1. How many residues does the stretch 22-76 contain that are in a helix (DSSP H, G or I), surrounded by 13 or more Cβ atoms within 10 Å (Cβ to Cβ) and not acidic (Asp, Glu)?
2. Write out, first by first residue and then by second, each pair whose Cβ atoms fall under 6 Å of each other, whose residues are 6+ apart or on separate chains, and whose first residue, in the stretch 148-163, is of a type in the set (D, E, K, R) while the second is modelled with pLDDT of 95 or more.
3. Check whether at least one residue in the stretch 3-11 is farther than 17 Å from THR144 by Cβ and either of a type in the set (Asp, Glu) or assigned to a strand (DSSP E or B) (or both), and report yes or no.
4. Quick check on my filter: what residues within the stretch 81-100 are out of contact with any Leu (no Cβ under 7 Å at 6 or more places or on another chain) and either in contact (Cβ under 8 Å) with a residue 60 or more places away in the chain or on the phi > 0 side of the Ramachandran plot (or both)?
5. In the stretch 90-103, what residues are of a type outside the set (Asp, Glu) and touching a strand residue (DSSP E or B) at 6+ places or on another chain (Cβ under 9 Å)?
6. Taking the stretch 1-48 on its own, how many of its residues are among the small types (Gly, Ala, Ser), closer than 26 Å to PHE123 by Cβ and in contact (Cβ under 8 Å) with a residue 24 or more places away in the chain?
Amino acid sequence: MAIVGYMGSGKSTVGRIVARELGWDLVDLDQAVADTAGLSIPEIFEVSGEPRFRDLERQELSRALDGPSNAVISCGGGVVIDPRNRARLMEVPTVFLWEDADVLYRRTRGSGRPLRGTSYEDFARRYAERLPSYLEVASHQIETNNRPSYRIADEILDWFRAA
């Protein structure tokens, strides 16, 4: 199972809860990229640029999807940019966490997010550009509505177990 959504949508937190409840492993894709590179995500962007980060991201997504099927993959917000990633995500149950851009913008003002954008307009534009790709890969969509992570995780678990 994969979880996608824009930065700040709660993918890692919700993914951790879902994985724990299923007794599965969690693969945090951003963390896997950082571990492979031996650099933090902001350092990868600074040293090698976004194209290198996206290459590493694609490799780690493939590794995670080719690994044990009992894993929850928490994807980075831009994983859907690459059509090869979208094709792979459509092969597995993929949940899109949909949240309002205003809420996401407020959540992501920390320095550890290289693509958070310098303005709300940049942030919202990037989200709008990615939205069709999130919808394309989604087997299931959840409007998070700023709800607690455990409630979102419960909704994912109910959907997954009923499928």
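The values are calculated or read from the model by the stated rules, or taken from the named source; none is laboratory data. Remember, predicted model here, so these are calculated numbers, not experimental data. Cβ sites come from the backbone with ideal geometry, for glycine too, and all protein chains shown count toward neighbours.
1. Selection size over the stretch 22-76: 24.
2. Cβ pairs passing all conditions: GLU155/ILE142.
3. no
4. LEU89, PRO93, THR94, VAL95, LEU97, TRP98, GLU99
5. VAL92, PRO93, THR94, VAL95, PHE96, LEU97, TRP98
6. Number of matching residues: 9.
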